[in-house]
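In what follows, a structure is listed as structure tokens, so that the remarks can point back to it.
The values are calculated or read from the model by the stated rules, or taken from the named source; none is laboratory data. A quick note: this is a predicted structure, and the numbers were derived from the prediction, not measured. Quick reminder, even Gly has a Cβ in these numbers, built from the backbone with ideal geometry, and neighbours come from all protein chains shown. Accessible surface is based on the protein model in full, side chains and every heavy atom, while ligands, DNA and RNA are left aside. Shrake-Rupley method; radii C 1.70, N 1.55, O 1.52, S 1.80 Å.
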Amino acid sequence: MSELDITWVRAQFPAFLEPSLQGQAFFENAGGSYTCKPVIDRLTRYYTQRKVQPYGPYDASRLAGEEMDEARTRLAAMMGVATDELSFGPSTTQNTYVLAQAFRQHLSPGDAIVVTNQDHEANSGPWRRLAEDGFEIREWQVDPDSGHLDPAALDTLLGDGKVKLVCFPHCSNVVGEVNDVAAICAKARAAGAFTCVDGVSYAPHGLVNVDALGGDIYLFSAYKTYGPHQGIMVIRRALGEVLPNQGHFFNGDVLYKRFTPAGPDHAQVAASAGMADYFDALAAHHEITGDAAARTAAVHDLMRAHERHLLQPLLDYLASKNSVRLLGPGQADGRAPTVAIVTQTPASVLAKRLVPLGIMAGGGDFYAVRALTALGVDPGHGVLRVSFTHYTAGDEVVKLIDGLEMVL
């Protein structure tokens, strides 16, 4: 099939059949997506049949461990990396803090780290705090009008060879522009620096091949990608084996345990295999074949085509409103369907006005305080953010535009 079968897709998400949610259009997907049925089924099965310590010899324990391993194996294959290069942690924020501690031990005086002011605080704050230990933090700044990260500015920051790590988002959770990850990673590598890519705001729109992108670290959140509340972290072997172990000393030789000192949430890790179930079912329904990485890439393109088709009319509508400032690009190509706007009315007020109209959206700073400040937006005033994914239907976008017309 050349187009996404939206009817089939929505049938895979129980939320669309839930009576309490009928008549409401969900546009806060950037804060957390609906969960697909395979994940819910696996989580239920784990809690009812396998809620025991995993990896033991008895059946319930053996099956629990096998399902946890299955999640890691299948998701890693989908993202083009080795199984032990993918690990689970309590959240992306927690995963980043652990990584920052590893780099704190690994770096030497005089080393520098590049961060951006386009990022969610999760991939900014932990690195910035390393300044307290004497490391230099260099900020790659956005254009104050467009929010764009100019690669030429990165060239300047990398010029003296002191930068050892570049941290940046695949796309911002308020600007929405998709950054050229492969090109940025290539620049950093040429300058002798590793890269840490925050994929939290991009992964819901299609999982990526990390090997093809060239990132050393790729982070995203399963609960924003139709799964349970886990942070998923890819660390390539060349970096993971160099950084100091942050886990128990006896787990130091296991790559996927080196940077997850907290005990894993067995049930949620196991349920994450349901994300792979969903992607595989989506591929099969649309007659997509190939190995795991190839199927995932084709599903990514299918999702993104549907999203772009729905996004452009919304962007065009917002561009027609003189009272609205749209953050990020006005064209659907090159941006995610995460759309933040500024008006004279406080964002939280607008979000509340949309509720009686059956529209679920968010208003606030969305942990992007630095980005909003750089763009001249008062974080206290905030932005109204409307965000959707591939399971959003065209009539819901029409409903959103009609609702915005009423409240703006």
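Could you size up the charge dipole of the chain around its Cα centre, putting +1 on the beta carbon of Lys and Arg and -1 on that of Asp and Glu, and report it in debye to the nearest 20?
With only Lys, Arg, Asp and Glu charged at Cβ, the dipole is about 660 debye.
Which of the peptides 188-197, 374-383 is most tightly packed, and how do the rest follow, judged by the mean count of other Cβ atoms within 10 Å per residue?
Peptide ranking by packing, descending: 188-197, 374-383.
Give the residue from 404, 309, 286 lying farthest towards the positive end of the charge dipole for the range 269-408; charges sit on Cβ (+1 for Lys and Arg, -1 for Asp and Glu) and the dipole is referred to the Cα centre.
Checking the options against the dipole of the range 269-408, the answer is 404.
Between 21, 255, 311, find the one with the highest GNM mean-square fluctuation for the chain; connect C-alpha pairs within less than 10 Å.
Among 21, 255, 311, the largest GNM mean-square fluctuation belongs to 21.
Using a Gaussian network model on the chain with a 10 Å cutoff between Cα atoms, which of 152, 332, 351 fluctuates the most?
152
If you take the Cα Rg of the range 264-408 and divide it by 2.2 N^0.38 Å, with N the number of residues, what do you get?
In units of the globular-protein estimate, the range 264-408 measures up at 1.23.
To the nearest 10 square angstrom, how much accessible area does residue 8 have with a 1.4 angstrom probe?
50 Å²
Quick one: work out the % antiparallel among DSSP beta bridges in the chain, nearest 5.
50 percent
Need one word for the range 5-96: rounded, prolate or oblate. Basis is the Cα gyration tensor (sqrt eigenvalues a ≥ b ≥ c); a/c below 1.5 gives rounded, then a/b vs b/c decides.
In terms of gyration-tensor shape, prolate.
Long-range amide H contacts for residue 28: which residues qualify at under 5 Å (H placed 1.01 Å from N, peptide plane, sequence gap of 5 or more or a different chain)?
387
³J(HN,Hα) across the range 394-405 via Karplus (A = 6.51, B = -1.76, C = 1.60, θ = phi - 60°), whole Hz, x for Gly/Pro?
The phi angles translate into x, 5, 6, 5, 4, 4, 4, 4, 4, x, 4, 4 Hz.
Past the 12 angstrom mark, what percentage of all C-alpha to C-alpha distances in the range 269-333 do you count?
74 percent
Determine, from the Cβ-Cβ distance of residue 262 and residue 352 and an R0 of 51 Å, the FRET efficiency 1/(1 + (r/R0)^6), rounded to the nearest 0.05.
Calculated value: 0.90.
If we restrict to alpha carbons, what Rg and Dmax does the range 192-236 come to, in Å?
Reported Rg and Dmax, both Å: 10.6, 36.
With +1 on each Lys and Arg Cβ and -1 on each Asp and Glu Cβ, how big is the dipole of the range 283-345 about its Cα centre, in debye rounded to the nearest 20?
320 debye
With an 8 Å cut-off on Cα pairs and a minimum separation of 6 or more residues, tell me the relative contact order of the range 252-408 in percent.
Relative contact order comes out at 19 percent.
Would you be so kind as to identify which of 340, 354, 19 lies farthest towards the positive end of the dipole of the chain, taking Lys and Arg as +1 and Asp and Glu as -1 on Cβ and the Cα centre as origin?
The residue sitting most towards the positive pole is 19.
What nm distance separates the two modelled labels at residue 294 and residue 190, each placed 7 Å from Cα along Cα→Cβ?
Here the modelled spin labels are 3.2 nm apart.
Using 19 Å as the cut-off for backbone N distance, which residues of the range 182-196 belong to the label zone defined by a point 7 Å from the Cα of residue 333 along Cα→Cβ?
182-183
Between 18, 70, 28, which gets the highest mean-square fluctuation from a Gaussian network model of the chain, Cα cutoff 10 Å?
In this elastic network of the chain, the residue with the biggest mean-square fluctuation among 18, 70, 28 is 18.
Determine, at each q value in 0.10, 0.11, 0.21 (inverse angstroms), the log₁₀ of I(q)/I(0) that the Debye formula gives when each Cα of the range 201-352 is one equal point scatterer.
Listed by q, the Debye log ratios stand at -0.53, -0.63, -1.31.
Suppose R0 equals 45 Å. What FRET efficiency, 1/(1 + (r/R0)^6) with r the Cβ-Cβ distance, do residue 55 and residue 22 give to the nearest 0.05?
Computed FRET efficiency for residue 55 and residue 22 comes out at 0.60.
What number results when the radius of gyration of the chain, computed over Cα atoms, is divided by 2.2 N^0.38 Å?
Computed over Cα atoms of the chain, the ratio equals 0.98.
Note down the magnitude of the dipole of the range 1-143 about its Cα centre, charges +1 on Lys and Arg C-beta and -1 on Asp and Glu C-beta and zero elsewhere, to the nearest 20 debye.
540 debye
If you project the alpha carbons of the range 348-408 onto their three principal axes, what span does each projection cover, largest first, in Å?
Principal extents (Cα only, largest first): 35, 25, 14 Å.
Apply the Karplus parameterisation 6.51 cos²θ - 1.76 cosθ + 1.60, with θ equal to phi minus 60°, to every residue of the range 239-256 and state each ³J(HN,Hα) to the nearest whole Hz, in sequence, with x for glycine and proline.
8, x, 7, 8, 5, x, 4, 10, x, 4, 4, 7, 9, x, 9, 10, 4, 6
Show log10 I(q)/I(0) for the range 37-175 at q = 0.11, 0.15, 0.18 Å⁻¹, two decimals, from a solvent-free Debye sum over equal Cα scatterers.
-0.61, -0.88, -1.05
Give me the percent of the accessible area of the range 201-321 that comes from carbon and sulfur atoms, probe 1.4 Å, all protein chains in place.
53 percent
Check which residues have an amide H placed less than 5 Å from residue 163's amide H, if you skip close sequence neighbours.
The list, which skips near neighbours in sequence, is 112.
What list of ³J(HN,Hα) couplings, whole Hz, do you get for the range 15-23 from phi and the Karplus terms 6.51, -1.76, 1.60, once you set θ to phi - 60° and write x for glycine and proline?
The phi angles translate into 4, 6, 9, 6, x, 5, 9, 5, x Hz.
Under a 5 Å amide H to amide H cut-off, with H placed in plane at 1.01 Å, what residues pair with residue 140 once short-range neighbours are removed?
Here 115, 116, 117 satisfy the definition.
Got the relative contact order for the chain handy, in percent, Cα pairs under 8 Å and 6 or more residues apart?
Dividing the mean separation by the residue count of the chain yields 24 percent.
Ignoring any ligand, DNA or RNA, what whole percent of the accessible area of the range 21-131 comes from carbon and sulfur when the probe is 1.4 angstrom?
52 percent
Using a 1.4 angstrom probe, figure out how much accessible area the range 279-380 has per residue, in square angstrom, rounded to the nearest whole.
Accessible area per residue, the range 279-380: 44 Å².
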